[in-house]
1. Residue check, GLY113 against (1) exposed (fewer than 12 other Cβ atoms within 10 Å of the Cβ); (2) in contact with a Lys or Arg (Cβ under 9 Å, 6 or more places away or on another chain), all met but one. Which one?
2. Of everything in region 59-73, what is in contact (Cβ under 8 Å) with a residue 12 or more places away in the chain and on the phi < 0 side of the Ramachandran plot? Give them in sequence order.
3. So which of ARG102, ARG78, ARG88, ARG84 is among the basic types (Lys, Arg) and farther than 19 Å from GLN17 by Cα?
4. Which numbered condition trips up LEU72, out of (1) under 19 Å from the mean Cα position of the chain (by Cα); (2) surrounded by 13 or more Cβ atoms within 10 Å (Cβ to Cβ); (3) more than 20 Å from THR15 (Cα to Cα)?
5. Can we say SER22 is of a type in the set (Gly, Ala, Ser) and outside any helix (DSSP H, G or I)?
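FYI, it's all coordinate maths here, none of it is from the lab. Owing to the predicted nature of the structure, the values given are computational and were not obtained by experimental measurement. No Cβ is skipped: glycine too gets one built from the backbone with ideal geometry, and neighbour counts run over all protein chains shown.
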Amino acid sequence: MQITDSITIEDWELTEQFVRASGPGGQNVNKVATAVELRFEAERSPNLPAPVKTRLRRIAGRRWTKDGALVLQVDETRSQARNREIARDRLKDMIVAALKPRKRRIATKPTLGSKKRRLKAKKERGEVKALRGKVDPDL
């Protein structure tokens, strides 16, 4: 499976298992295994660089297993071939997203005006709360 010019996924890295889908489909859903479970051995893949693997792990979230595999389940359509196509497209999209490094965040400082407005609001709020106390009858 071709991802980019430099990255290709070999057939041994992918395993597909077809299972019965849930949801609507009448009797067909009970007898035909149309849902696909695509398993990509990402941790053992020689074609993915280490930084791409770490970003892919973050993107995958809970679809990443303890042994370093990425598992995608698709049961959107009633066609086994179409579900297989969708799963492969999703895997490709995830790897392409992992190829781009995250944009570094540039720390900014609050402006002087915003600091003053914040402190003024805090002071006003404190005064409101101070006025809620018990009233002294002697005053």
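1. (2)
2. Pass one, region 59-73, residues in contact (Cβ under 8 Å) with a residue 12 or more places away in the chain: 59-60, 64, 67-73.
Passing the criteria: ILE59, ALA60, TRP64, ASP67, ALA69, LEU70, VAL71, LEU72, GLN73.
3. Numbers: ARG78 fails: farther than 19 Å from GLN17 by Cα; ARG88 fails: farther than 19 Å from GLN17 by Cα; ARG84 fails: farther than 19 Å from GLN17 by Cα.
Exactly one of ARG102, ARG78, ARG88, ARG84 is among the basic types (Lys, Arg) and farther than 19 Å from GLN17 by Cα, namely ARG102.
4. (3)
5. Values: of a type in the set (Gly, Ala, Ser): yes; outside any helix (DSSP H, G or I): yes.
Yes.
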